[in-house]
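Single-structure report; data block below.
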Amino acid sequence: TETLLDVRHVNVDYLAGSGAVHAVRDVSFQLKRGEIMGLAGESGSGKSTLAFAIARLLRPPAEIIGGQVLYYPDAARTGQFTSLMQKVKLKDASHQAKNATEIVPEDGINVFGLTPTQLRLFRWNELSVVFQSAMNALNPVMNIGKQIMDVLAAHQPEKSAKERHERAQDLLKMVGIAPDRLSSYPHELSGGMRQRVTIAIALALQPDLIIMDEPTTALDVVVQREILDLISSLCKETGTALIFITHDLSLLLELVDRVAVMYAGKLIEVAGRNAFYQHPRHPYSYGLMHSFPTLHGPRIKMIGIPGTPPDLRNVPAGCPFAQRCPMAFDACRKIVPELRTIVADIPEQVAACHLYDPTIIGSRNIPQPAD
Ligand code: SF4
Ligand code: MG
């Protein structure tokens, strides 16, 4: 199978005293092996929460309340990995896997059903996450070489100390840092270099998927661009799939294969980078794109559209964008639009908007000019 990750109808709530905040609402998408996808959305749109759900990193009060994430290990490694998973499953027999009753294809892994031990194997060997705060999570009193080698030692105990040292040097070289920096401490490195070290650590065990939650404020824009440039070219080289999360759409349009846009906890458009650039279809995407002066000009944050997203404690009926949408019509406030293909020859571009639903648009009340 070409599919690496199959996210199906995932829902995440934050359980607050005054009622649940529906942070991720019925999100489904698929990621191909080696594909680089940008996940964009303004802050609070649910993009980080979705990524944390996929990696099973959510902590209370966040809770996965529905859906499934299926992961397909590389066929060449499937046997090895699944037998490892089988072994730890027996060890974890007391653990009652969530969603255990859901049907999982034989060659797939049900991520929400992994036991804690399986999850640990899965995380480093198959999926790595680079957090927004990762560069501050480096241990300040340990040199970076030791931090990289510790990861290697924990997960590849069969390797010798010499092999681990060489691998750590290679990893630093990959991210553009001189190997003699292994003995540097985090405070001796710039923010951009610390971020590169976290990328080196994420790549250490050659996972098939990396999720990177872009630092929003910690790094200046030039450095952020360099980091995405670096991680996307490393992923291309190594065939690693990447989900890069950002609030900055203009950054993605230059460097990813596919763009996914979230709004109010939902995916509202998913498209190939070129299709999205040439013709964004959802009115929200369209508004964002047209708030850019030029693609290569100053970077515009996702604030170009008047109004604010709805309160996710009390989600309004119909389309979540209806209050801000210049195109809204009566059905928009009643019926939730689903992602659908817009034009037959670009089936992979989907948008959740009634304007593209012939059955709904046909019954639209078009205001007639008075005369
Ligand atoms: Fe606008 Fe209606 Fe489309 Fe929502 S469904 S984006 S409100 S036109
Ligand atoms: Mg975030």
Subtracting the Cα-Cα distance of Asp345 and Glu63 from 0.36 nm times their residue separation yields 97.7 nm
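Between Asn274 and Leu15, what is 0.36 nm times their sequence separation minus the Cα-Cα distance? Round to one decimal in nm.
Values: separation 259, 0.36 × 259 = 93.24 nm, distance 3.86 nm.
Separation in residues times 0.36 nm, less the Cα-Cα distance, equals 89.4 nm.
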In Å, the Kirkwood hydrodynamic radius from C-alpha pairs for region 140-237 sits at 13.9
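Could you order the peptides 49-62, 243-256, 177-190 from most to least packed, using the average number of other C-beta atoms within 10 Å per residue?
243-256, 49-62, 177-190
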Fewest to most Cβ atoms within 10 Å: His279, His354 sort as His279, His354
Sorted on mean Cβ neighbours within 10 Å (highest first), peptides 155-167, 260-272 come out as 260-272, 155-167
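Can you give the FRET efficiency for Glu166 and Val141, using 1/(1 + (r/R0)^6), R0 = 22 Å, r = Cβ-Cβ distance, to the nearest 0.05?
Details: r = 25 Å, r/R0 = 1.11.
With a Förster radius of 22 Å, E is 0.35.
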Expected sort for Glu2, Glu63 with the fewest Cβ neighbours (10 Å cutoff) up front is Glu2, Glu63
So, with points 7 Å from each Cα along the Cβ direction, the Lys173-Asp330 label distance in nm works out to 6.9
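When ranked by the protection proxy of mean other Cβ atoms within 10 Å per residue, highest first, what sequence do the peptides 15-21, 336-342, 282-288 form?
282-288, 336-342, 15-21
Quick note: the coordinates plus some simple rules give every number you see, no bench work behind them. Because the structure is predicted, anything quoted here is derived from the model rather than measured. Backbone-built Cβ (ideal geometry, glycine too); neighbour counts: all protein chains shown.
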